[in-house]
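Input: a single structure, listed below in structure tokens.
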Amino acid sequence: MSIGHVLALLNEKLTGENFLKWKSNINIALVCENLKFVLTDECPPEPPLNASRSVREIYDRWIAANNKAKGYMLAGMNDVLRLKHEHVENAYEIMDSLQAMFGQQSSQSKHEAIKNAMNAKMKKGQSVGAHVLNMVNYFTEAETHGATIDDGTQVSMILESLPPTFLQFKSNYVMNKLDYNMTQLLNELQTFEAISIGKVQEGEANVVKDKSPSSKASLKRKNKGKGKGAPKKQKNWNGSNGKKKGETAKPKGKCFHCGIDGHWKRNCPKYLADLKEKKKAT
């Protein structure tokens with residue numbers, strides 16, 4: 001990374017309120033320039049005149065990196081803060097001073113970001129993808145302010161923020177002891193949402209089809225004549241099933257008991273007499 005790119009990264013001057021963003025940009029610049037170690041490693045002791053070349057090179061490397069990192073940090077401050085820190089010897093001392101000045105704002109911002117993540121709920125009509133990305137922003141903001149939220153906790157918080165329509169997904173995740181990272185979770189939730197929406201649309205289409213005029217007409221023809229108030233056939237007083245008086249009745253055929261034509265077994269005189277005798281005998 002050239003000095004021009006570094007200065008472009010630090011184009012936004014540190015004023016105090018933007019400390020976290022400025023600190024993040026500084027860290028990126030120092031990592032790209034391989035200078036980040038001066039913020040974490042102490043300065044090695046100055047070697048004596050008779051020290052070996054390797055020992056001298058370690059010290060010289062740290063001093064050169066510290067001066068360069070300090071220059072980047074001072075270049076990214078407003079005039080007031082730069083004048084306050086330009087006489088500080090080490091880059092890590094400058095960072096400690098700034099942290100003491102503006103770090104309290106970071107703690108409050110961290111608390112707010114965590115609270116927003118815990119209280120977040122997916123809104124009605126919102127896509128699950130947009131909701132998950134919104135939650136990721138809360139996590140990122142909290143971590144920027146110094147919070148540590150592991151991947152498992154982030155996934156659990158997202159699942160708890162979903163509406164009842166995702167109950168089957170959440171139950172499956174817990175019962176099968178799944179372990180998704182954030183990318184996998186987002187993809188699986190979007191797939192589940194697409195399938196669920198497809199089923200709802202299919203059900204609505206079936207309801208509309210059932211209510212169409214052609215379906216109603218078909219159902220009406222099917223049920224025609226089967227209504228509760230449909231008239232029943234009634235027998236005439238003489239049991240002739242609606243035959244007009246004087247109309248010749250159809251011959252009843254041969255009796256199965258005595259073999260004589262003109263009556264049925266239930267009206268056969270011989271059959272009735274036999275039944276009567278049997279009753280007397282018992």
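Taking the Cα centre of segment 122-197 as origin, sum charge times position over the Cβ atoms of Lys and Arg (+1) and Asp and Glu (-1), and report the length of that vector in debye to the nearest 20.
In total the dipole reaches around 340 debye.
Any chance you could get the radius of gyration and Dmax over the Cα atoms of segment 3-102, in Å?
14.5, 49
With r defined as the distance between the Cβ atoms of residue 184 and residue 49 and R0 fixed at 51 Å, what FRET efficiency is calculated, to the nearest 0.05?
So, using R0 = 51 Å, E works out to roughly 0.30.
Where a Cα-Cα gap under 17 Å defines reach, which aspartates and glutamates qualify for residue 70, not counting those fewer than 8 residues away within the same chain?
The qualifying aspartates and glutamates are 12, 33, 41, 42, 60, 79, 86, 89, 93, 96.
Assuming R0 = 22 Å, can you tell me the calculated FRET efficiency for the pair residue 67 and residue 87, based on Cβ-Cβ distance, to the nearest 0.05?
With a Förster radius of 22 Å, E is 0.95.
For segment 98-168, what is the per residue volume of the convex hull drawn over the alpha-carbon atoms, in cubic angstrom?
81 Å³
Computed on alpha carbon atoms, what radius of gyration and Dmax characterise segment 120-210, expressed in Å?
15.4, 59
Could you work out the local net charge near residue 20, counting Lys and Arg as +1, Asp and Glu as -1, over the other residues with Cβ closer than 11 Å to its Cβ?
Around residue 20, the surrounding residues sum to 0.
Quick note: the coordinates plus some simple rules give every number you see, no bench work behind them. Note that the structure is a prediction, hence the values are computed from the model and not measured. Neighbour counts are summed over all protein chains in view; Cβ atoms, including those assigned to glycine, are modelled from backbone coordinates with ideal geometry.
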